[in-house]
């Protein structure tokens, strides 16, 4: 019986149950072990004010290192680019919609405005990446930190604490939430760059646990890994974590060419980069060079 370490939020449990289902398809039984992380326990601070990296992963990784669980399932965008000694990302999932969505209260909708919300709208997000890009496109917007899981954020929006909020499209669609009372603005990841590896699940194991790693290699999506490796390598080279105002999206066309779209605020200046290549080798380095130059 494989023990799956997971956070207890609705989205994390969806991810863990998805993992159980995929394992069952290959004849492997599993159970869930719920673990609270720093990101779950500290709800009054924005990410910029929290120390270190791995707000939603460290406690689960510690359990993995102790042997309390056999595998951890994470939103890959939450994972630091460097793995703790003894742990490895053994497999990655399919990719759901990588885009960001903006949800707007009907009272704040204004057709003709960028992102469809009124001038001076109060917009909720705690991500430095979203703040920087939104300030570039809509400098009139009033940015306000928002914490909590997806349903909690939606409740705050509906209660009027915000005129609009950001959410990852993947999280909303996986939870199958009813958004019929809100106005949905679907952002293009090639224009409003998402977090590296947004929409992908990562399965993390103990490096020495050959049996578990062998099982998860059967679930691994190498094509997705090639693209997320580029995105996360850019993040690593920029020496960034959750606090870095960086968005990166990599896609591959039918001819096999890679296309990267990146945006980063460097010393108060928003910089954009679009690069294409027939290979992913060295692509992240080229993106970083372009952003920094």
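Kindly list the number of the only condition in (1) surrounded by 21 or more Cβ atoms within 10 Å (Cβ to Cβ); (2) under 20 Å from residue 169 (Cβ atoms) that fails for residue 94.
(1)
Could you tell me which of the residues 227, 232, 252 is over 17 Å from residue 104 (Cα atoms), modelled with pLDDT of 95 or more and surrounded by fewer than 19 Cβ atoms within 10 Å (Cβ to Cβ)?
That would be 252, the only listed residue that is over 17 Å from residue 104 (Cα atoms), modelled with pLDDT of 95 or more and surrounded by fewer than 19 Cβ atoms within 10 Å (Cβ to Cβ).
With surrounded by fewer than 21 Cβ atoms within 10 Å (Cβ to Cβ) and free of Cβ contacts under 8 Å to residues at least 24 places away in the same chain as the only criterion, which of 84, 106 stands out?
Exactly one residue qualifies, and that residue is 84.
Quick one: in the range 14-41, which of the residues that are loosely packed, with under 14 Cβ neighbours inside 10 Å and under 18 Å from residue 60 (Cβ atoms) is modelled with the highest pLDDT?
Selected residue: 31.
Just wondering, is there one or more residues in the range 157-167 that are free of Cβ contacts under 8 Å to residues at least 24 places away in the same chain, touching a strand residue (DSSP E or B) at 6+ places or on another chain (Cβ under 7 Å) and under 25 Å from residue 249 (Cα atoms)?
no
The values are calculated or read from the model by the stated rules, or taken from the named source; none is laboratory data. What you see is a predicted model; the values in this text were computed from it and never measured. Counting neighbours? That spans all protein chains shown, and the Cβs are built from the backbone with ideal geometry, glycine included.
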